[in-house]
Amino acid sequence: MKAYKIIKSNIHRKGLCASRDIKKDERIIEYVGKKITHKKADEDTKYGYKITYLFTLNKKYVLDGDFKFNTARLINHSCNPNCEAIEGEKSEIWITSKKNIKKNEELTYDYGFSYDCNYKDYICKCRSKNCVGYIVREGSRWRIKKSANI
């Protein structure tokens, strides 16, 4: 039985939630797509708006997950995520649970966007206590909090 189902999300349109209780460190779904070079992603303007679907695999390649067959693309960002993306064997990306997740809880992970990548273009709607209003990786959120208080 799959550990997830597609839902109407309170964060952003569609999402995935747990279809059963999920234990910590469980592999939930593989993030799949097309392997392309960083150069191709940078040069091809159509990827400009698709940053949310790109996973860095290594110095040369990224994984473009903007395909209907990639159900994992529906997992939304949260500043207080219950999942994380882990690289498996052969440059696979797996979404795994960071903690125990209850049935019907929405699955989320930190998209890990850089503070330097026009962060103001990516509004966060997760509503968690530590949300700074933008989709920025945890290690860089302090920069937004600091600039907001100036």
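What to note about this one:
- Within segment 68-106, tally of residues that are among the hydrophobic types (A, V, I, L, M, F, W, C) and assigned to a strand (DSSP E or B): 7
- Residue list for segment 128-146, filter: within 22 Å of residue 13 (Cβ to Cβ) and over 16 Å from the mean Cα position of the chain (by Cα): 132
- Residue match in segment 37-48 (condition: touching a residue at least 40 places away in the same chain (Cβ under 8 Å) and not in a strand (DSSP E or B)): no
- Comparison of 115, 122, 111 shows that the only residue that is touching a His at 6+ places or on another chain (Cβ under 6 Å) and more than 16 Å from residue 7 (Cβ to Cβ) is 111.
- When 71, 108 are checked against the criterion of being under 27 Å from residue 38 (Cα atoms), at pLDDT 95 or above and either in contact with a Ser or Thr (Cβ under 7 Å, 6 or more places away or on another chain) or charged (D, E, K, R) (or both), 108 stands alone in meeting it.
- Within segment 119-135, the only residue that satisfies the criterion of being more than 13 Å from residue 52 (Cβ to Cβ) and modelled with pLDDT under 85 is 120.
- Between 9, 19, the distinction of being in contact with a Lys or Arg (Cβ under 6 Å, 6 or more places away or on another chain) and either among the aliphatic types (A, V, I, L, M) or surrounded by fewer than 19 Cβ atoms within 10 Å (Cβ to Cβ) (or both) belongs to 19 only.
- First in segment 57-82 and under 21 Å from residue 40 (Cβ atoms), second anywhere and among the polar types (S, T, N, Q) and part of a strand (DSSP E or B), Cβ under 7 Å, 6 or more apart: 60/37; 61/37; 62/56
- Given (1) at pLDDT 90 or above; (2) more than 22 Å from residue 140 (Cβ to Cβ), number of the condition residue 98 does not satisfy: (2)
The values are calculated or read from the model by the stated rules, or taken from the named source; none is laboratory data. Since the structure is predicted, the reported quantities are computational estimates derived from the model, not experimental observations. Neighbour counts run over all protein chains shown; Cβ positions are idealised from the backbone, glycine included.
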